[in-house]
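Heads up, the thing below is written out as structure tokens.
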């Protein structure tokens, strides 16, 4: 991580890598789940984002078969905003 990301992590206690989709595996999982659950930004509540992120993290861990950085709901929110 960069110096500014490290500083952010120290100040907030949040891993900055949890706020974005980092690679194609994460992106394609997001796109598959978006289609499966029909996620639309204007229909998503805070509770739905939390539930979606929990399921996303579960599937990400399952498909990666290794330790992964758990995503923050903000990561999915931003990804959906970027593609809509």
Next item on the list: Find the residue count for region 16-56, including only residues that are in contact (Cβ under 8 Å) with a residue 40 or more places away in the chain, in contact with a helix residue (DSSP H, G or I) (Cβ under 6 Å, 6 or more places away or on another chain) and either more than 13 Å from residue 79 (Cα to Cα) or assigned to a helix (DSSP H, G or I) (or both).
Entry: 3
Check: In the set 45, 53, which member is under 21 Å from residue 84 (Cβ atoms), modelled with pLDDT of 95 or more and exposed (fewer than 13 other Cβ atoms within 10 Å of the Cβ)?
Finding: 45
Check: For region 62-74, how many residues are in a helix (DSSP H, G or I), within 14 Å of residue 25 (Cα to Cα) and in contact (Cβ under 8 Å) with a residue 12 or more places away in the chain?
Finding: 2
Notebook entry, point to check: Just to be sure, is residue 59 over 25 Å from residue 2 (Cα atoms), under 12 Å from the mean Cα position of the chain (by Cα), in contact (Cβ under 8 Å) with a residue 12 or more places away in the chain and not in a loop (DSSP other than H, G, I, E, B)?
Noted result: yes
Check: Considering region 57-72 alone, what residues qualify as being within 19 Å of residue 35 (Cβ to Cβ) and in contact with a helix residue (DSSP H, G or I) (Cβ under 9 Å, 6 or more places away or on another chain)?
Finding: 59, 60, 63, 71
Next item on the list: Mind listing whichever residues of region 4-15 are in contact with a helix residue (DSSP H, G or I) (Cβ under 8 Å, 6 or more places away or on another chain), modelled with pLDDT of 90 or more and over 23 Å from residue 66 (Cβ atoms)?
Entry: none
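The values are calculated or read from the model by the stated rules, or taken from the named source; none is laboratory data. Here the structure is a predicted model, which is why all the values come from computation and not from measurement. When we count neighbours, we look across all protein chains shown, and the Cβ atoms used for this are built from the backbone with ideal geometry, even at glycine.
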